[in-house]
1. Put Glu333, Glu69 in order of accessible area, largest first, 1.4 Å probe: what do you get?
2. In Å², and per residue, what accessible area does region 250-372 have when probed at 1.4 Å with the other protein chains present?
3. To one decimal place, what Kirkwood hydrodynamic radius in Å is obtained for region 135-224 from all pairs of distinct Cα atoms?
4. Listed highest first by mean packing, meaning other Cβ atoms within 10 Å per residue, what order do 187-197, 106-116, 139-149 come in?
5. Need one word for region 300-361: rounded, prolate or oblate. Basis is the Cα gyration tensor (sqrt eigenvalues a ≥ b ≥ c); a/c below 1.5 gives rounded, then a/b vs b/c decides.
6. When only alpha-carbon atoms count, how far does region 168-283 stretch along each of its three principal axes, as whole angstroms with the largest first?
7. Want the number for Arg220 to Glu128: 0.36 nm per residue separation, take away the alpha-carbon distance, what's left?
8. Multiply the residue separation of Leu356 and Asp201 by 0.36 nm, subtract the distance between their alpha-carbon atoms, and state the gained length in nm to one decimal.
Amino acid sequence: LKAKFQFQSLAMKRLWKGIEQIFEEVAPPPPPIPEPAPLVAGLEQEWADVSSWLEPGGDRDSPQCPVPEGLGTVTPKGVRGHEGSTESVTEAEVDWMATQRPLIFDMAQLSRDYGEKEAAQMQQAMQELGVPMAVAGVLAWPGVGSRWPRFLAWWKQLPLPEQPDGARSALLGFARVLGRVRTFRALALDDVGLKRILSEDEIFPSGRLRDGVNAAHLRRVVDVHGVSKVTAVRLYISNMPKIGGIDPSISLHDDWQTTSIIASGYASSGKKVHLFELSVPAVESVGWTLYEVAQRSSEHLGAQYADHEQWFKFPSPAVPQGTWFDSMLQRTERYGFYSVPHLHSRLMNIYVFDNLSQLRAAVDPFVKVMAERQSASSTRNEEAQP
């Protein structure tokens, strides 16, 4: 009987997938994707000086303010929990990445992603190190292309017999040396919204929720406008019309307070802030800090985006006076594209804040620590000036 029920459930899932596919085909078309701007020069990187491929933003950077005890949870049964947080990146996870973007070395696409100058530098570096073209296709994945000096640092130290012979095996190898990160995503949800996420087994970008927008459309937005421009628009979100008004990106935050504070702006009497604790491959996200994204922004959004500060203050319903964030830490925000898939195999917990007062009290220690850090940083900068 159990086997029969499981078969019927699987059959129903396949039926619904078929219905969804048909719906996508007959749904009204999404807004057109604007034509990309002319290619611009990227930021030159001294790749030969990069000797470490390790992922920055570890626990040493965290204020170490744990999730409060006694917070309610709605974690579904059957998820991996904390036992899966130390596992290697899986074949299935790499397969998902490879389906989002073909792992092919394409100079035109790399130029859209990172600028002509940086794309040429990538090509030259690959040639100097003798990286086969079949392997160089790994740069197509944004989590590698945005970390390409670190990828080459890893490649250089591999003995010849251990060097991957293809882009997919290179992606798997690099993903595994970067490892996994414990990170968070908070969303203001009602019961229906939560059930939909758990049923889909993934967290979509907001653009995927628009009528007529499917996964293929999100992939086209990234391909047409490139990694650098899409992340710049994500950071300065009022520019979203410049990529057609459809956001193909999604943010994760290694400090649970950061994403919870942001989500407080979307909470209401019918929608509570749900905090998803996740273990995801670091390579699934872009390898830039917010500060590095901001440095590239003026090339796509205009000269008014040329000046950037390390620290920025973000007001929210949870912290009306504002919370200080450090844009030079990877853990402050990780940008990813397309989706957060395989949710049940990555999910460690789902916490729920019953109300704004509870959330405000929970994040207060973090807010105070970050204010102290910003003040100390400002003092150091003032003392360093002549």
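The values are calculated or read from the model by the stated rules, or taken from the named source; none is laboratory data. All figures in this text were calculated on a predicted structure; none of them were measured in a lab. Counting neighbours? That spans all protein chains shown, and the Cβs are built from the backbone with ideal geometry, glycine included. Note: accessible area is taken over every heavy atom of the protein model, side chains too, but ligands, DNA and RNA are not part of it. Shrake-Rupley method; radii C 1.70, N 1.55, O 1.52, S 1.80 Å.
1. Putting Glu333, Glu69 in descending order of accessible area: Glu69, Glu333.
2. Each residue of region 250-372 exposes 35 Å² on average to a 1.4 Å probe.
3. Final number for the Kirkwood radius of region 135-224 is 16.1 Å.
4. The peptides rank, most packed first, as 139-149, 106-116, 187-197.
5. oblate
6. Sorted from largest, the Cα extents of region 168-283 read 47, 34, 27 Å.
7. Value of the extension gain: 29.9 nm.
8. On the way: separation 155, 0.36 × 155 = 55.80 nm, distance 2.73 nm.
Gain on stretching Leu356 to Asp201: 53.1 nm.
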